[in-house]
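Notes for the one structure printed next.
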Amino acid sequence: MKFLSLRSAIACVVVAVSATFYVSAQNSELTSPEDFYGFTPGEDRKLVDYEQLISYLQKLDAASPMLKMENIGQSPEGRPMYIAFFSSAENIANLDRLREINRELALNPDLSKSQQQALIKDGKVFTIATLSMHSTEVGPAQAASLIAYDFLTSKDPHVTSWMSDVVYMMVPCHNPDGMDYVVKNYRKYLGTKYEGAALPRVYHKYVGHDNNRDFVILSQQDTKNINHIFTQTWFPQVMVEKHQMGSTGPRYFVPPNSDPIAENIDARLWTWTGIFGQNMINDMTRAGQAGISQHYSFDNYWPGSTETCLWQNVIALLTECASANIATPIYIEPNELNVRGKGLSEYKKSINMPMPWKGGWWRLGDIVRYEITSTRSILKTSAMYHDKILALRNNLCKREVNKGKTEAPYYYILPAKQYDVSEWVNLLNLLREQGVKIYTLNKDQNLDGRLFKAGDMVVPLAQPFRAFIKEVMEVQHYPVRHYTPGGEIIRPYDIASWCLPLHRQVRSFEINKKYSTLEGALSEVKGTVNMMQPLPLTTVVALFPVEWNESFKAAFLAKEKGMTVERLTGDVTINGKTYHSGSFVITAQKKVPLCWRALEKEIKVEPVILTDKKNLPLKQFLVPRLALVETYYSDMDAGWTRYIFDTYHIPYTVIHPDQFEKTDFVNHYDAVIFPNDSKNALLNGTSGPGNSYHMSSYAPEYSKGMGKKGLEKLMTFLDNGGHIVAWGSSTALFEGKLSIPGEKVKGKEKEKENEKENFQLPFRDISSRLQKQGLYIPGSLVKIKLIPNHPLTRGLPPEIGVFSRGHPVFMTSIPRFDMDRRVIATYPEKNILMSGYAEKEELMGNRSALIWLKKGKGQLVLFGFNPQFRASTQASYKLLFNALLLR
């Protein structure tokens with residue numbers, strides 16, 4: 001088959017999209033993408049990296065009054081991030097005033113009709129596109145230069161009209177770090193047999209694909225930068241998040257989404273996503289672009305993606321384009337085309353895909369073409385409904401505030417007295433960062449038969465972002481929908497629980513009655529909630545309770561700064577209050593002011609200040625030497641673990657499985673940490689279950705595991721006193737037959753080798769059996785009961801919620817020889833589900849969730865859940881910290 005050059009393909013695009021789309025560029029004084037890069041973005045096997053993209057946009061910015069670049073912060077690795085504003089020169093010059101109009105429409109529920117109309121008349125629809133947050137989904141960011149150039153040089157009167165009524169906000173790349181990783185990796189293998197080989201790491205400093213799961217907790221800096229656009233600074237009315245999907249399904253997805261949808265979202269927002277989506281499918285089909293789908297695959301029930309701004313009254317859209325092999329074309333046979341049943345059960349012409357794509361070559365240039373057309377359509381719709389979209393934004397603000405005044409729940413109250421006050425502080429600050437107002441209770445109040453004290457925090461729901469408040473503060477109950485009446489349920493796309501108070505072990509009370517006395521007893525909190533008072537320069541000793549997560553951060557940070565850190569070996573009472581065994585006592589012996597200032601900068605809860613530490617039962621706090629195992633295979637859970645360790649100043653060394661044979665674990669490490677990953681990935685460097693073979697998408701140097709010898713070396717480390725911590729699927733590595741190689745010893749006559757020791761640890765995973773009996777948990781919060789007075793449960797209450805997908809579930813057995821076991825946590829017999837969704841969860845009743853094992857001189861701690869899931873399960877963090885510090 002004859003290949004089209006990308007320039008020819010782009011020329012075809014131009015004709016299909018608009019007869020004038022590129023014509024004006026020939027006479028423009030602006031530098032074209034082709035002249036700047038030496039190729040047209042979208043050409044086969046050619047990619048622009050982040051620095052090139054930003055340099056080009058900055059060049060356009062310097063030359064055109066219709067573009068303004070604004071720095072919005074740094075990526076996790078320190079690259080600058082930007083918004084590029086495109087509009088008429090008049091609008092660009094007036095951006096400050098337009099931003100104030102956006103803020104008034106978004107946040108002022110008291111505008112009169114005439115005031116609202118005046119703002120609508122003067123305002124513009126701000127439509128933001130965030131591009132290529134998932135860095136292997138290169139098309140949207142590669143299309144950015146073409147879109148920018150064409151909007152700035154087009155003589156099309158339609159474009160000119162749109163730019164008069166719309167400000168297009170482009171985030172050229174949502175994930176700059178990942179973009180550079182992927183482009184560099186692609187260029188490395190370009191022209192070799194491994195062209196298009198997968199990136200052997202996560203495409204982000206920490207979380208890879210999970211950056212699109214971070215918009216509730218805002219853990220990552222790039223997430224914060226984007227979120228602040230919606231909640232702090234620009235308040236756009238329309239947003240589109242541009243992604244890519246698999247290669248063998250529809251070519252493009254546009255809204256509306258599939259069921260289920262979030263029930264806290266106003267119906268008007270759902271209908272508007274439908275209007276934008278219908279215009280996209282109309283415009284793209286008119287342009288001859290086949291394979292456009294709707295109501296397919298992607299639900300919009302859970303917050304966490306960039307579309308979380310939907311809960312903040314933004315018309316939030318998702319598009320997904322079929323992928324090529326990065327920038328390498330792929331050929332797809334018709335028999336390879338398929339769909340997955342959510343909105344489309346057959347790859348046939350249907351109401352949700354009226355013009356199927358028939359197969360053939362699929363190129364990056366095709367993706368670029370689809371992105372150009374969909375972007376034009378979105379801006380056209382934004383301009384077409386200018387007045388209605390701006391009115392909608394303020395009307396939703398008014399409506400949500402009124403619902404908060406007239407419908408339960410009316411308030412959430414978070415008492416100041418908490419088991420872990422540090423997580424109370426962190427939750428309050430997170431809510432403020434999300435644009436939520438919080439208030440302090442000025443005097444005691446008796447509400448719903450419960451006494452709330454002065455100093456407790458109140459979150460009223462009479463706020464513009466009421467939907468967000470309710471969504472993240474209430475317990476989740478999955479809205480069950482079926483494919484057919486009484487038939488199979490439509491299962492969640494991702495997770496089913498995100499209740500912030502439960503996930504963080506913070507007490508919160510939902511108040512479902514209006515109290516006039518409460519309204520007059522509130523003072524709004526301005527600025528960051530910070531209970532840490534400046535420590536006196538003469539302070540020598542501070543005690544941090546073991547119940548606080550932040551105490552562990554303080555301890556590791558203090559050790560990093562050279563301070564003396566010790567732990568209580570027994571309970572002590574100070575001024576009538578008991579501090580429990582395991583609490584941290586920090587002493588600054590040198591450079592006292594500098595040391596305390598370092599703690600004050602990060603810790604937002606105040607320790608107990610002591611004049612001395614005489615008579616305290618103390619032992620030295622030793623920082624363990626940790627090896628953190630991370631595979632090459634987009635190991636997001638290991639990335640999240642690195643993020644937690646870095647945040648808490650826990651030192652570690654990353655070890656890849658193929659390095660095990662050459663790693664001296666016995667002499668260099670105290671503990672080896674295995675985040676959630678498959679046994680095959682760890683042991684053999686392969687994917688897929690059991691012994692089935694799945695061809696790797698990685699270059700050969702990365703398609704390796706620890707192998708039999710590496711595992712035996714790990715078992716030697718264990719037998720000699722090493723410590724292993726594992727959770728999720730990684731625990732399967734330690735199930736079944738294991739071996740310790742024989743050691744060479746010198747006898748009287750010659751050197752000989754002891755016999756290899758084969759053994760089996762006294763546990764097994766029974767979750768597959770339970771799943772066959774109907775157990776199904778799609779990522780929910782479940783209850784576990786903890787044994788008291790154990791080093792692994794220090795600082796924890798008797799029961800907590802943990803994030804579970806229903807596997808593994810452990811059963812222990814009577815040990816033999818030099819082994820032992822203890823069950824540390826079990827699921828209760830009843831009332832297991834705390835938030836989310838589960839089927840037949842009673843099958844887990846009284847089963848083991850967390851176990852401790854002993855072999856020789858060593859110890860293993862195995863979790864049946866992720867104790868640090870996406871940095872959103874603070875309730876179980878201390879289980880992880882205690883496991884790291886187990887001696």
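The values are calculated or read from the model by the stated rules, or taken from the named source; none is laboratory data. Predicted model only: the values in this text are computed from it and were never measured. For neighbour counting, all protein chains shown are included, and Cβ atoms are generated from backbone atoms with ideal geometry for every residue, glycine included. Only protein heavy atoms, including side chains, enter the accessible area calculation; ligands, DNA and RNA are left aside. Shrake-Rupley method; radii C 1.70, N 1.55, O 1.52, S 1.80 Å.
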> Can we say I281 is closer than 23 Å to G341 by Cβ and either outside any loop (DSSP other than H, G, I, E, B) or under 21 Å from the mean Cα position of the chain (by Cα) (or both)?
Replying inline: yes
>> For the stretch 148-158, which positions are buried (at least 22 other Cβ atoms within 10 Å of the Cβ) and either without any contact (Cβ under 8 Å) to a residue 12 or more places away in the chain or under 21 Å from I72 (Cα atoms) (or both)?
In response: A148
> Quick one: in the stretch 232-246, which of the residues that are open to solvent by 10 Å² or more (accessible area, probe 1.4 Å) and over 30 Å from V339 (Cβ atoms) is nearest to the chain's Cα centre (by Cα)?
Replying inline: Q232
>> Condition (residue is on the phi < 0 side of the Ramachandran plot and in a strand (DSSP E or B)) applied to the stretch 547-564: is it met by at least one residue?
In response: yes
>> Of the conditions (1) open to solvent by 30 Å² or more (accessible area, probe 1.4 Å); (2) touching a residue at least 24 places away in the same chain (Cβ under 8 Å), A267 satisfies every one except a single condition; which number is it?
In response: (2)
> Quick one: in the stretch 629-647, which of the residues that are among the aliphatic types (A, V, I, L, M) and part of a helix (DSSP H, G or I) is surrounded by the most Cβ atoms within 10 Å (Cβ to Cβ)?
Replying inline: A638
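The rows are residues; the columns are (1) open to solvent by 10 Å² or more (accessible area, probe 1.4 Å); (2) of a type outside the set (V, I, T); (3) closer than 20 Å to V506 by Cβ.
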site	(1), (2), (3)
K756	yes, yes, no
F763	no, yes, no
S767	no, yes, no
L786	yes, yes, yes
N789	yes, yes, no
V802	no, no, yes
M811	yes, yes, no
> How do the pairs read when you match residues in the stretch 405-429 that are among the small types (G, A, S) with residues anywhere that are open to solvent by less than 30 Å² (accessible area, probe 1.4 Å), using Cβ under 6 Å and keeping only pairs 6 or more apart or on different chains?
Replying inline: A416/G455; A416/D456; S422/N549; S422/E550; S422/V605
> So is L414 touching a Gly at 6+ places or on another chain (Cβ under 6 Å) and open to solvent by less than 10 Å² (accessible area, probe 1.4 Å) or not?
Replying inline: no
> Could you list, in sequence order, the residues of the stretch 835-857 that are in a strand (DSSP E or B), under 24 Å from P788 (Cα atoms) and either open to solvent by 10 Å² or more (accessible area, probe 1.4 Å) or of a type outside the set (A, V, I, L, M, F, W, C) (or both)?
Replying inline: S848, W852, K854, K855
> Looking at this structure, is K403 surrounded by 14 or more Cβ atoms within 10 Å (Cβ to Cβ), at pLDDT 95 or above and of a type in the set (K, R)?
Replying inline: yes
>> With the structure loaded, tell me whether T136 is surrounded by fewer than 24 Cβ atoms within 10 Å (Cβ to Cβ), within 29 Å of R642 (Cα to Cα) and of a type in the set (S, T, N, Q) or whether it fails that test.
In response: yes
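Among the listed residues A316, A290, which satisfies the condition of being open to solvent by less than 10 Å² (accessible area, probe 1.4 Å), of a type in the set (A, V, I, L, M) and either under 28 Å from D222 (Cα atoms) or assigned to a loop (DSSP other than H, G, I, E, B) (or both)?
Numbers: A290 fails: open to solvent by less than 10 Å² (accessible area, probe 1.4 Å).
Of the residues listed, the single one that is open to solvent by less than 10 Å² (accessible area, probe 1.4 Å), of a type in the set (A, V, I, L, M) and either under 28 Å from D222 (Cα atoms) or assigned to a loop (DSSP other than H, G, I, E, B) (or both) is A316.
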> Out of the stretch 564-588, which residues are under 20 Å from P651 (Cα atoms) and open to solvent by 10 Å² or more (accessible area, probe 1.4 Å)?
Replying inline: T564, E566, R567
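If you check E474 against the conditions, is it in contact with a Cys (Cβ under 7 Å, 6 or more places away or on another chain) and within 20 Å of I217 (Cα to Cα)? Break it down stepwise before answering.
Working: in contact with a Cys (Cβ under 7 Å, 6 or more places away or on another chain): yes; within 20 Å of I217 (Cα to Cα): yes.
Yes.
Quick check on this structure: which one of G343, G365 is assigned to a loop (DSSP other than H, G, I, E, B), among the small types (G, A, S) and under 26 Å from L317 (Cβ atoms)?
Working: G365 fails: assigned to a loop (DSSP other than H, G, I, E, B).
Answer to the selection: G343.
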> So which residues in the stretch 67-90 are buried (at least 21 other Cβ atoms within 10 Å of the Cβ) and in contact with a Leu (Cβ under 7 Å, 6 or more places away or on another chain), if there are any at all?
Replying inline: L67, A84, F85, F86
>> Need the failing condition index for S219 against (1) of a type outside the set (V, I, T); (2) part of a strand (DSSP E or B); (3) more than 30 Å from P354 (Cα to Cα), just the number.
In response: (2)
> Quick one: which of V480, V436 is in a loop (DSSP other than H, G, I, E, B), open to solvent by 10 Å² or more (accessible area, probe 1.4 Å), closer than 30 Å to M239 by Cβ and β-branched (V, I, T)?
Replying inline: V480
> Considering K342, K388, which residue is open to solvent by 10 Å² or more (accessible area, probe 1.4 Å) and either under 30 Å from T484 (Cα atoms) or modelled with pLDDT under 95 (or both)?
Replying inline: K342
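Out of the residues in the stretch 175-199 that are outside any helix (DSSP H, G or I) and over 17 Å from Y632 (Cβ atoms), which is most open to solvent (accessible area, probe 1.4 Å)?
Selected residue: K193.
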> Of all residues in the stretch 490-518, which are more than 20 Å from M473 (Cα to Cα) and either open to solvent by 70 Å² or more (accessible area, probe 1.4 Å) or among the small types (G, A, S) (or both)?
Replying inline: R491, Y493, S516, T517
>> Residue under question is V529, and the condition is that it be surrounded by fewer than 21 Cβ atoms within 10 Å (Cβ to Cβ) and not polar (S, T, N, Q); does it hold?
In response: yes
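Of these, Y56, Y50, which one is open to solvent by less than 10 Å² (accessible area, probe 1.4 Å), under 30 Å from T647 (Cα atoms) and either among the hydroxyl-bearing types (S, T, Y) or touching a Ser or Thr at 6+ places or on another chain (Cβ under 6 Å) (or both)? Write out each step before concluding.
Numbers: Y56 fails: under 30 Å from T647 (Cα atoms).
Result of the check over Y56, Y50: Y50.
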